[in-house]
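Below you'll find the structure, written out as structure tokens, and then a few comments.
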Amino acid sequence: MGTMRICPSILNADHSHLFSEIDRVSSADLLHLDIMDNIFVPNITFDFETSQRIIAHSQIPVDSHLMIHNPDDAAVNYAHAGSASVTFHCEASQNPLHTIRAIKAAGARAGLAIKPATPFSAVKELLHELDMLLIMTVEPGFGGQKFMADQMPKLREAALAIQEICGNRPWLQVDGGITLETIVIAAQSGADTFVAGSAIYKSANPAEMISSLKTAAHFARE
Ligand code: DX5
Ligand code: ZN
């Protein structure tokens, strides 16, 4: 059984106290930074300058999730800003392989994301190039939505394909609706990296929730 990673999303944190909200989750593995442009998704979040400040402030590595159209030029900027990992959407990219390689050349891990309606076959050929595959378990755009259990066959399909890779295997991330209950389902279906927004920030004790989520994911895999 491998490592299980918890990535708190600050999307629904209190944006008027952003830095202290970030500090509250410093026991997590990665800080998940959702970037939205109001074009690829009907919502807007942090501009590039704010993202740079968040990345500079965070004590833990930052996992930038770009929900933007035309990510092929912009993705590398988030790597240069110091993200440990940069994930962009396959549906929005003209040349995913080129962008994956640019992110890596800039020193970050490269992730590729797919929306619920996109099949695993859309990214299968690129799997061995990736450091992480993100399978969305909600329609991207907003926190606090319900986990889509109908994505689990796709997750299992991806997990099986990843097992067949010799050498560096990409992490398998899920994002959307992760709770103490749904993390078990996602971990049993093969995910090893879990984004959680509301579950962590709506809990009375975020640090405790991070550790409970991690324990639940580990138990699910045993
Ligand atoms: C949704 C974002 C998620 C979101 C998750 O488009 O990509 O990262 O913050 O929030 P919860 O955990 O509340 O579903
Ligand atoms: Zn996200």
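Structure above, values below:
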{"quantity": "Pick from region 126-165, criterion assigned to a loop (DSSP other than H, G, I, E, B) and within 12 Å of ligand 2 (Cβ to nearest atom), ranking: most open to solvent (accessible area, probe 1.4 Å)", "calculated": "PHE142"}
{"quantity": "Test for SER85: is it within 16 Å of ligand 2 (Cβ to nearest atom), among the hydroxyl-bearing types (Ser, Thr, Tyr) and either modelled with pLDDT of 95 or more or open to solvent by 60 Å² or more (accessible area, probe 1.4 Å) (or both)", "calculated": "yes"}
{"quantity": "Test: LEU31 is within 15 Å of the chain's Cα centre (by Cα), within 12 Å of ligand 1 (Cβ to nearest atom) and free of Cβ contacts under 8 Å to residues at least 60 places away in the same chain", "calculated": "yes"}
{"quantity": "Matching residues in region 1-16 - criterion: being of a type outside the set (S, T, N, Q), within 16 Å of ligand 2 (Cβ to nearest atom) and within 15 Å of the chain's Cα centre (by Cα)", "calculated": "ARG5, ILE6, CYS7, PRO8, ILE10, LEU11"}
{"quantity": "Selection within region 166-186 - surrounded by 21 or more Cβ atoms within 10 Å (Cβ to Cβ) and within 15 Å of ligand 1 (Cβ to nearest atom)", "calculated": "GLN173, VAL174, ASP175, GLY176, GLY177, ILE178, THR182, ILE183, ALA186"}
{"quantity": "Where ALA199 falls short, out of the listed (1) buried (at least 17 other Cβ atoms within 10 Å of the Cβ); (2) part of a loop (DSSP other than H, G, I, E, B)", "calculated": "(2)"}
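The values are calculated or read from the model by the stated rules, or taken from the named source; none is laboratory data. Everything quoted here is computed from the prediction, not taken from an experiment. Cβ coordinates were reconstructed from backbone atoms using ideal geometry, including for glycine residues, and neighbour counts include every protein chain displayed. Just so you know, the surface numbers come from the protein's heavy atoms only, side chains and all, with ligands and any DNA or RNA stripped out. Shrake-Rupley method; radii C 1.70, N 1.55, O 1.52, S 1.80 Å.
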